[in-house]
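Peer 1: What follows is a structure written as structure tokens; I'll ask about it next.
The values are calculated or read from the model by the stated rules, or taken from the named source; none is laboratory data. On a predicted model such as this, the values are computed, not experimentally measured, just so you know. Counting neighbours? That spans all protein chains shown, and the Cβs are built from the backbone with ideal geometry, glycine included.
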Amino acid sequence: MIQKYVIGGSFATSKMCMARRLIKAGTNKNPTIFNNLRRLISGDTTSNNAGAEDYLDSLGYKDPKLQDGMKDALKSVFGKKITAAHLKSIGETGLEALSKSVEDQLMLQDENAFVGTVHVHIPHHNFNFDLQMREGENLMTCATEGNGKEVLGEYLECACGGNMSCSTCHIVLDEETYNKLGPPCEAEIDMLDLAFEPTDTSRLGCQIAMCEDIDGLIITIPAGVNNLWG
Ligand code: FES
């Protein structure tokens, strides 16, 4: 998962970091997109003046706050004026990852957001603990930069940054929560097939975000990990 895409205000991040994260966002296997990103890193910001909002609308990203967040996120790469050409150069996969990141960050900014509890079981270490997560926060962000960094972070490496490409965030959910969340998407299923000893209720932690419905969920950390990243 990509974090802190939004530039300016509370989401500042570097241009290089942005491009690196976009590359991680499922774009690294596409040579065209990869080359575009390399071009961006090198500072080539040629563009046309087509409307970014219209293009985002056409892809279904209609929420003005989301659009603003996505455009703000790209300003460190393209400069102040974000156009449809800039957005197209990232590709739909990159935009999808970006929109998800921005949505997560917008959710985390909401002071009234619900805060739920996660019960973490680590049977192979005979160790259990609880964590608090804000609505919209997922287990990867909790483990890498949230209040689970010190403990959960020891067990979930999240090597691919939430791109569903590593399986190092593999967790096993309690059955009730698994059923509430509905089935994982095809990309997640593919990665789970490669995870360490997957079970019927295995999920990728980077895809599990807190909401009231799953408050009190129990996650079990598997005894091993397969890192498919890199
Ligand atoms: S962080 Fe890599 S698959 Fe979840």
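Peer 1: Within the range 197-230, can you find the residues that are within 12 Å of the ligand (Cβ to nearest atom), over 23 Å from R134 (Cβ atoms) and in the same structural domain as F129 (by TED's automatic domain parsing)?
Peer 2: We begin by selecting, within the range 197-230, every residue within 12 Å of the ligand (Cβ to nearest atom); these are 202-208, 225-230.
Next, from what is left, pick out any that are over 23 Å from R134 (Cβ atoms): 202, 225-230.
If the condition is that a residue be within 12 Å of the ligand (Cβ to nearest atom), over 23 Å from R134 (Cβ atoms) and in the same structural domain as F129 (by TED's automatic domain parsing), then S202 is the only one that fits.
Peer 1: L152 - would you say it is in contact (Cβ under 8 Å) with a residue 24 or more places away in the chain, within 14 Å of the ligand (Cβ to nearest atom) and of a type outside the set (D, E)? Let's see the steps before the verdict.
Peer 2: Values: in contact (Cβ under 8 Å) with a residue 24 or more places away in the chain: yes; within 14 Å of the ligand (Cβ to nearest atom): yes; of a type outside the set (D, E): yes.
Spelling it out, L152 is indeed in contact (Cβ under 8 Å) with a residue 24 or more places away in the chain, within 14 Å of the ligand (Cβ to nearest atom) and of a type outside the set (D, E).
Peer 1: I'd like to check something: does the range 136-149 contain any residue that is within 16 Å of the ligand (Cβ to nearest atom), closer than 21 Å to D63 by Cα and of a type outside the set (A, V, I, L, M)? Walk me through how you get there before you give the answer.
Peer 2: Of the range 136-149, the ones within 16 Å of the ligand (Cβ to nearest atom) are 137-146, 148-149.
Applying the additional criterion that residues be closer than 21 Å to D63 by Cα yields 137.
Within this subset, residues satisfying the condition of being of a type outside the set (A, V, I, L, M) are 137.
Within the range 136-149, one or more residues are within 16 Å of the ligand (Cβ to nearest atom), closer than 21 Å to D63 by Cα and of a type outside the set (A, V, I, L, M).
Peer 1: Of the conditions (1) at pLDDT 95 or above; (2) within 12 Å of the ligand (Cβ to nearest atom), L181 clears all except one; give me its number.
Peer 2: (2)
Peer 1: Just one of (1) under 14 Å from G205 (Cα atoms); (2) under 16 Å from the mean Cα position of the chain (by Cα) trips up L108, so point out which.
Peer 2: Against the list (1) under 14 Å from G205 (Cα atoms); (2) under 16 Å from the mean Cα position of the chain (by Cα), L108 comes up short only on (1).
Peer 1: Of the residues A84, A97, which single one is buried (at least 18 other Cβ atoms within 10 Å of the Cβ) and either within 16 Å of the ligand (Cβ to nearest atom) or in the same structural domain as P198 (by TED's automatic domain parsing) (or both)? Step through it out loud before you land on a result.
Peer 2: Numbers: A84 fails: either within 16 Å of the ligand (Cβ to nearest atom) or in the same structural domain as P198 (by TED's automatic domain parsing) (or both).
The conditions single out A97.
Peer 1: Please state which of the following conditions I171 fails to meet, knowing it meets all the rest: (1) in a strand (DSSP E or B); (2) surrounded by fewer than 14 Cβ atoms within 10 Å (Cβ to Cβ).
Peer 2: Against the list (1) in a strand (DSSP E or B); (2) surrounded by fewer than 14 Cβ atoms within 10 Å (Cβ to Cβ), I171 comes up short only on (2).
Peer 1: Is at least one residue of the range 157-169 at pLDDT 95 or above and more than 12 Å from the ligand (Cβ to nearest atom)?
Peer 2: Looking through the range 157-169, none of the residues is at pLDDT 95 or above and more than 12 Å from the ligand (Cβ to nearest atom).
Yes/no per residue for (1) without any contact (Cβ under 8 Å) to a residue 24 or more places away in the chain; (2) within 20 Å of the chain's Cα centre (by Cα); (3) within 21 Å of C160 (Cα to Cα):
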residue: P198; (1), (2), (3): no, no, yes
residue: T201; (1), (2), (3): no, no, no
residue: I214; (1), (2), (3): no, yes, no
residue: P222; (1), (2), (3): no, no, yes
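Peer 1: Return the pairs, sorted by first residue and then second, in which the second residue is among the charged types (D, E, K, R) and surrounded by fewer than 21 Cβ atoms within 10 Å (Cβ to Cβ), the first residue lies in the range 163-180 and is closer than 11 Å to L217 by Cβ, the beta carbons are less than 6 Å apart, and the residues are 6+ apart or on different chains.
Peer 2: The qualifying pairs are K180/D213.
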